[in-house]
Structures are given as C-alpha cells and as structure tokens.
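The values are calculated or read from the model by the stated rules, or taken from the named source; none is laboratory data. For clarity, every value in this text was computed on a predicted model and none was experimentally measured. No Cβ is skipped: glycine too gets one built from the backbone with ideal geometry, and neighbour counts run over all protein chains shown. Note: accessible area is taken over every heavy atom of the protein model, side chains too, but ligands, DNA and RNA are not part of it. Shrake-Rupley method; radii C 1.70, N 1.55, O 1.52, S 1.80 Å.
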Amino acid sequence: MSKTIAADVIEKTLKGIAIPSRPQVLLQIESELRKDDPDPRIVARLIEADVGLTAAVLKTVNSPFFGLAKRTSSAAQAVTILGMRTATQIVTGLILRKAVTGQGRTLEEFWDRAEQVAGIASRIAQTIPRGPRDDAYCFALFHDVGIPILTQKFPDYPQTLLLAENSGDRPFAGVERERHATDHATLGYLVAKGWFLPEAICEGILYHHDPAAFTDREVTSSQALTLIAINAAGRIFS
C-alpha cells in the first residue's frame with residue numbers, strides 16, 4: 001500500500017462528504033510557532049480570544065492525565081507549564097471535536113473516549129526515552145476522526161462498525177468499503193493532511209487498521225508505528 005493515495009481513491013472517499021476546514025486560530029498559532037523566537041504570550045492570547053476554547057483547555061490540562069502539581073487557572077499558565085507545542089496540540093484536538101460534532105449522545109461519548117485515550121497515550125509516551133508525548137496525544141484524538149464523519153453521512157454506519165468489530169476474517173476497513181465505498185482510516189488521513197498535521201500522524205492514521213503495518217517495514221515509518229502502538233496501549237487502559 002502506497003503512502004500516497006491515488007486521486008480516484010480520494011475522489012471516491014470524499015464523494016458527498018465534507019471535510020471540516022482548518023480554523024483560523026490554528027493558522028495564527030502555528031504562524032507564531034514557526035517564528036525563530038515564538039512568543040508564548042501571543043499563543044495564550046489567541047487561545048483566550050475564545051472563551052469556550054479557553055474553558056475547554058483548562059478543563060483538559062487540569063485533568064489527571066496531565067499530572068500537574070497545581071491546577072492552572074489561565075491559558076497563559078497552561079502555555080507556560082505545558083509548553084507551546086503541547087498547548088497547541090490540545091487546542092487542535094478541542095477544535096476538532098467542535099468541528100466534527102452532531103446530535104445525540106453517541107458522538108459525545110466518542111469524543112469523551114478519544115480524549116481519555118489521548119491523555120493515557122500522552123502519559124505512556126512520557127515513559128519512553130524521547131517519547132512523542134505531543135504527537136501521541138494528537139494522534140489519539142485524530143486517528144478515528146473518520147468515524148463521526150461517516151456516522152453523520154450514513155445512518156446505518158453504526159451497524160457497519162458492529163460488523164467490522166466482529167468480523168475476524170475480514171479487515172476492519174474492508175467491511176467499511178464494502179458497505180460505504182470508503183473507510184474511516186482513509187478519511188481520517190485526508191482530514192489530518194488537510195489540517196497540516198505532522199506526517200507521522202497522518203501516516204499512522206492511514207495504516208492503524210492495516211495488518212501489514214508491522215510486518216512490511218517499507219509500508220510504514222518507525223515514527224508512525226510508535227504512535228499506532230502507543231495508541232493501542234492507551235485504548236486497552238481507557
């Protein structure tokens with residue numbers, strides 16, 4: 001399986017499906033981060049410009065998964081304590097949840113679980129020498145983003161999930177493609193690429209249900225494999 005998706009596959013995947021656009025606040029934050037000497041105060045001000053986003057950031061960083069010794073009460077404190085990159089990954093995940101939402105408790109439960117797994121994945125990554133804490137957190141939030149998008153598009157997609165999860169003789173994504181002509185891994189990859197996430201995260205999303213990922217070393221990079229493995233462990237403990 002190639003790391004680049006053919007144009008016809010992209011066209012088929014996106015047929016009738018709208019990918020959420022990357023919000024302006026992320027563009028502004030990453031523009032600051034690309035500077036030689038980024039200013040954490042500017043990053044904090046961009047977060048604080050959205051009251052709802054600020055509240056969500058504080059709720060997330062004060063959760064047990066980040067293990068802060070003292071509760072933080074402002075976006076500026078969060079950026080200082082966690083660092084600009086970690087804070088940006090948290091903001092990215094929270095904005096993603098807001099962008100890909102819908103009616104009903106099912107999607108709320110989906111995002112609650114994703115955030116829980118992300119927190120655990122982040123802690124696991126911390127135990128690895130030079131572990132990719134930030135990318136592990138972001139990967140856990142994004143890797144299944146295709147699921148709520150497909151749930152919105154296809155009323156019978158929950159039944160597809162049940163079939164895929166209980167089909168031991170067929171690949172998960174194969175069941176999705178049979179029923180909907182697309183799969184959540186490919187769709188998630190396109191969302192991640194559209195949001196300009198790191199290549200290892202995009203690649204890991206594309207291959208996280210591919211049995212060949214860990215057996216064919218030419219298929220997937222070691223960074224992507226690490227993210228897939230950390231995420232799998234996070235799901236076990238969530």
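Things to note:
- Sequence-separation-based contact order of region 171-221, relative, with Cα cut under 8 Å and 6+ spacing, percent: 32 percent
- Average Cα contact separation per residue, region 29-125, under 8 Å, 6 or more apart, as relative contact order %: 27 percent
- Listed residue (Met84, Ile17, Ile147) projecting farthest to the positive dipole end of the chain, Cβ model: Met84
- Cross-link table Lys35/Lys98; Lys59/Lys98; Lys98/Lys193; Lys35/Lys193; Lys35/Lys59, entries beyond 24 Å C-alpha to C-alpha: Lys35/Lys98; Lys35/Lys59
- Heavy-atom accessible surface of the chain: percent carbon and sulfur, 1.4 Å: 54 percent
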